Structures are given as C-alpha cells and as structure tokens.
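The values are calculated or read from the model by the stated rules, or taken from the named source; none is laboratory data. It should be emphasised that the depicted structure is a prediction, and the values quoted were computed from it without experimental measurement. As a convention, Cβ positions derive from the backbone with ideal geometry for all residues, glycine included, and neighbour counts pool all protein chains shown. Remember, those area values only see protein heavy atoms, side chains included, never the ligands or the DNA or RNA. Shrake-Rupley method; radii C 1.70, N 1.55, O 1.52, S 1.80 Å.
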Amino acid sequence: MNRQWQLARRPEAEPTVDDFRLVSLDIPEPREAGEVLVRNRLLSLDPYMRWRMNDAKSYARPVGIGEVMVGATVGEIVRSNDPSFVPGDLVLAGGGWQDYAVVRSEALRKIDAAAASETAYLGVLGGPGFTAYAGLMKIGEPRPGETVVVGAATGPVGSLVVQLAKAAGCRAVAIAGGAEKCRLAVEKFGADAAVDHRDPDLAAKLAIACPRGIDVYFENIGGRVLDAVIPLLNPFARVPVCGLISQYNGLEQRSDATPLAQLMQDTLVKRLLVRGFIVTDYNAYRDEFLALVAPKVKSGAIVSLEDVVEGLANAPSAFLGLLKGLNKGKLIIRID
Ligand code: NDP
C-alpha cells in the first residue's frame, strides 16, 4: 500500500495535525512513456509548504483539499517507462508526503550517493542550499569587508548564507531563535556575531553586532527582524527577499504599514535594491552551484546540520515543529 498524507482542511493561522489526513492507497502504476514509479526514501519538510496550505494566489498552485502534500524527496526507481532510468537509480524528485509516487522522468535528477550523503541533496546541496547560493551571490553580491546579516541562520538556507558570506570576505551576522542556536551559528557555521530575534532589545543588539551598518540583508523572516534591520541598511545595500517566515501563519500582519512605508522611503533615498526571488529563477546556475559547493561539502570545508526524523507517520508533527523552530538544521523525514 501507499501511505499518503493529504491536506484535510485549510488552517486559519497556526496549522494543527488535524489539518492533515493519512490515507492508505494502492501503489500507483506508471502507465505513460516517460513515467516512472519512485519509492520515496527521504522527504524534505520546508517552510514554503505552509503557504501551499492556503488557498491564495502565489507563484505556485495551492495544495487542494484531499490532495497529497507536496515535497521534495530522495527516492529509488522501482519501475520505469524511460530507458535512461532503471530500477535502483537514486533520484531527487518531487514525490510528496507518501511512500510511492509516479512522476515524469524529466522532473527527476539522478543523485550521486558517492559525492555526498542522500540527505545532503535535500539540504545543503538541494533546494535550500541553492537558494542560499542564488540569493546571496546573484542578488546580494557580497564584497570583501561588507556586513551580511541573515535570519533563520542555523537552518539550511541561513547556515550556507553565513558560510558563503565568510568565504566572500564579509562580516557575517546571524539572527537565530535562542541562545543555543546563536552559539551554533558562531561555533559551527562561523558567524562573527549572532543575535537572538526573541531578545526584547533586538534592535540595539543588532546595531552593536553591525558597527559598520548592513550591506546585505538576506531576508528570511520579515516582521520585527526587518524592522530592526531597516535603520541599519547602508546606502546601496542589497536585500535578497527570500522568505518571510514570521508571517506565514498570518500572526504578525499589522494594520499600520509604517515599517513598509519606511522601507520604501529608504529604498528611494539610499537607492536600495530589494528584489524577491524564487530559487527556480536561477536554474541556469545550478550546475555552477554544485561544482563549487559539493567538493567543499565532501571535504568538510562546508558543513551542514541535519535533523532527521524517523517515520512518515511523524511528518505532520515534525513540520509543525519546524514552524515553531524546534528543528535544528535541515528537517528530513526518513520514511522507512
Ligand atoms: P529552516 O529549516 O531554517 O526553518 C525555519 C526557521 O525559521 C525555524 O527553524 C526558525 O528558526 C525560524 N523561524 C520560524 N518562525 C520564526 C519567527 N516568527 N521569527 C523568526 N524566525 C522564525 O528553514 P529554511 O532554511 O528551509 O528556509 C529559510 C527561509 O528561506 C524561509 O523563509 C523560507 O520560506 C525561505 N525559502 C525561500 C525560497 C525561495 O525560493 N525564495 C526557497 C527556500 C526557502 P529560529 O529558531 O532560528 O528562529
């Protein structure tokens, strides 16, 4: 049978486990030419999934009620109607929250298990790692001596931003939730300073951590962190707008638009470039990214933190924990 987590209903604000439903279905069959059956081994859980639970217009279609939750997976080909994929091949797929998926072969990437761990292809060498690379290097354009600030700094995106910023000769300032994650940001990922976003004196602490202002703010969070960052932005600062996780549950939506108005004014006066991006816009750079980062992951020059939870049954509770910051590093479900 194919165990599958479906979206049962749309959450109003913070999701609960009752928003998901586990069903058991027949294992699907690949019928058309170019279709393959993949047995999912690892499932990536990511913040964007919260957005997909809303029935809102966005860059991607929402998950429908009764549909399988979407997600990147590492899996093994079981049956194939494409001669370039044979049973046993390991692939990166969008297999979703389930044991098996039938997918089109053109949507698959073979993975080299000798080059890096399978989990790395969902984290530091997967979508999150590439997001960090594309946003920082192609929009942030860090230069030696500049200050780079990033939130969710111990997660798969933020932790690579910190390390790439250091490699580019920058001062890297991490924003993270709690003392332990701040320590990790400095000791494991090499940030020059780390600030706890829950600190009531966040703005003052961030100013101390950034004595020469901020040249690149890699936006992962929004809300009060953005409010603290805006006054510190230097002229010609770049703000890759990657994510706004503090607002995904709609908890911090304000009726006054003062911070945004301030940002718009600063954008004009300081000629800031604030640009949203979706990682797939940079697909042309994916091979360049892998060529640069994969050998450093293998040699240990770039490290990653992975939080592997056992069992597909635990996917909803692990995902809800991610939205609360309970994950430490790239959250992955080991399905078996
Ligand atoms: P993580 O695995 O780091 O998980 C999210 C982290 O966000 C939590 O661990 C928590 O860390 C932090 N967080 C949660 N709520 C809040 C809050 N209210 N205020 C401040 N921090 C909060 O996530 P990823 O590294 O996978 O993703 C990081 C960001 O990148 C997200 O915003 C995501 O949406 C975005 N993204 C965008 C992509 C794009 O194409 N534009 C692609 C991939 C990711 P802590 O405890 O430190 O606060």
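Here's a check for you: in region 8-23, which residue that is open to solvent by less than 70 Å² (accessible area, probe 1.4 Å) and more than 24 Å from GLY222 (Cβ to Cβ) is farthest from the ligand (Cβ to nearest atom)?
VAL23
If a residue counts only when it is at pLDDT below 95, under 29 Å from TRP51 (Cβ atoms) and not assigned by TED's automatic domain parsing to the domain that holds ARG52, which strands (runs of 3 or more DSSP E) contained entirely in region 146-246 have at least 1 such residues? Step through it out loud before you land on a result.
Values: elements: 147-150, 171-176, 193-196, 214-218, 233-241.
Ranges flagged: 233-241.
Select from region 100-117 the residues that are within 23 Å of PRO28 (Cβ to Cβ) and in contact with a strand residue (DSSP E or B) (Cβ under 9 Å, 6 or more places away or on another chain) and list them in ascending order. Spell out the reasoning first.
Here is the first cut: in region 100-117, the residues within 23 Å of PRO28 (Cβ to Cβ) are 100-111.
If the condition is that a residue be within 23 Å of PRO28 (Cβ to Cβ) and in contact with a strand residue (DSSP E or B) (Cβ under 9 Å, 6 or more places away or on another chain), then TYR100, ALA101, VAL102, VAL103, ARG104, SER105, ALA107, LEU108, ARG109, LYS110, ILE111 are the ones that fit.
Could you count how many residues in region 223-250 are open to solvent by less than 40 Å² (accessible area, probe 1.4 Å) and out of contact with any strand residue (DSSP E or B) (no Cβ under 9 Å at 6 or more places or on another chain)?
5
Kindly list the number of the only condition in (1) more than 12 Å from VAL150 (Cβ to Cβ); (2) out of contact with any Lys or Arg (no Cβ under 8 Å at 6 or more places or on another chain); (3) of a type in the set (Asp, Glu) that fails for ASP199.
(2)
Just a yes or no: is a residue in region 61-70 basic (Lys, Arg) and touching a Gly at 6+ places or on another chain (Cβ under 9 Å)? Talk me through it step by step, then tell me what you get.
Taking region 61-70 first, the residues basic (Lys, Arg) are 61.
From what is left, the residues that are touching a Gly at 6+ places or on another chain (Cβ under 9 Å) are none.
The answer is no, given that none of the residues of region 61-70 is basic (Lys, Arg) and touching a Gly at 6+ places or on another chain (Cβ under 9 Å).
I need the full set of residues from region 278-308 which are within 17 Å of GLY123 (Cβ to Cβ) and either touching a Lys or Arg at 6+ places or on another chain (Cβ under 7 Å) or among the basic types (Lys, Arg) (or both), in order please.
Within region 278-308, ARG286, LYS296, LYS298, ILE302, VAL303, SER304, LEU305, GLU306, ASP307, VAL308 qualify.
Would region 299-308 turn up any residue that is under 25 Å from TYR100 (Cα atoms) and among the polar types (S, T, N, Q)?
Restricting attention to region 299-308, the residues satisfying the condition of being under 25 Å from TYR100 (Cα atoms) are 306-308.
Still in the running and among the polar types (S, T, N, Q): none.
Within region 299-308, not a single residue is under 25 Å from TYR100 (Cα atoms) and among the polar types (S, T, N, Q).
Could you go through region 274-296 and let me know if any residue there is assigned by TED's automatic domain parsing to the domain that holds VAL149, at pLDDT below 90, surrounded by 17 or more Cβ atoms within 10 Å (Cβ to Cβ) and in a helix (DSSP H, G or I).
no
Just for region 67-86: of the residues that are among the small types (Gly, Ala, Ser) and open to solvent by less than 30 Å² (accessible area, probe 1.4 Å), which one is farthest from ASP99 (Cα to Cα)?
To start, the set of residues in region 67-86 that are among the small types (Gly, Ala, Ser) comprises 71-72, 75, 80, 84.
Of the ones still in play, those that are also open to solvent by less than 30 Å² (accessible area, probe 1.4 Å) are 71, 75.
Values: GLY71: 12, GLY75: 9 Å.
In this case the residue turns out to be GLY71.
Please pick out the residue among GLY177, GLY169, GLY190 that is more than 9 Å from the ligand (Cβ to nearest atom), within 23 Å of LEU122 (Cα to Cα) and either open to solvent by 10 Å² or more (accessible area, probe 1.4 Å) or hydroxyl-bearing (Ser, Thr, Tyr) (or both).
Numbers: GLY177 fails: more than 9 Å from the ligand (Cβ to nearest atom); GLY169 fails: within 23 Å of LEU122 (Cα to Cα).
GLY190 is the lone residue from the list that is more than 9 Å from the ligand (Cβ to nearest atom), within 23 Å of LEU122 (Cα to Cα) and either open to solvent by 10 Å² or more (accessible area, probe 1.4 Å) or hydroxyl-bearing (Ser, Thr, Tyr) (or both).
Report, by residue number, each residue of region 59-80 that is more than 11 Å from the ligand (Cβ to nearest atom), closer than 25 Å to VAL157 by Cα and hydroxyl-bearing (Ser, Thr, Tyr).
THR73
What residue, of ASP89, ASP201, ASP99, ASP196, is open to solvent by less than 20 Å² (accessible area, probe 1.4 Å) and charged (D, E, K, R)? Walk me through how you get there before you give the answer.
Values: ASP89 fails: open to solvent by less than 20 Å² (accessible area, probe 1.4 Å); ASP201 fails: open to solvent by less than 20 Å² (accessible area, probe 1.4 Å); ASP196 fails: open to solvent by less than 20 Å² (accessible area, probe 1.4 Å).
Going through ASP89, ASP201, ASP99, ASP196 in turn, the sole match is ASP99.
Looking at region 117-162 only, could you name the residues that are within 15 Å of the ligand (Cβ to nearest atom) and either open to solvent by 20 Å² or more (accessible area, probe 1.4 Å) or among the basic types (Lys, Arg) (or both)?
Listed by number, the residues that qualify are TYR121, GLY127, MET137, LYS138, ALA152, PRO156, VAL157.
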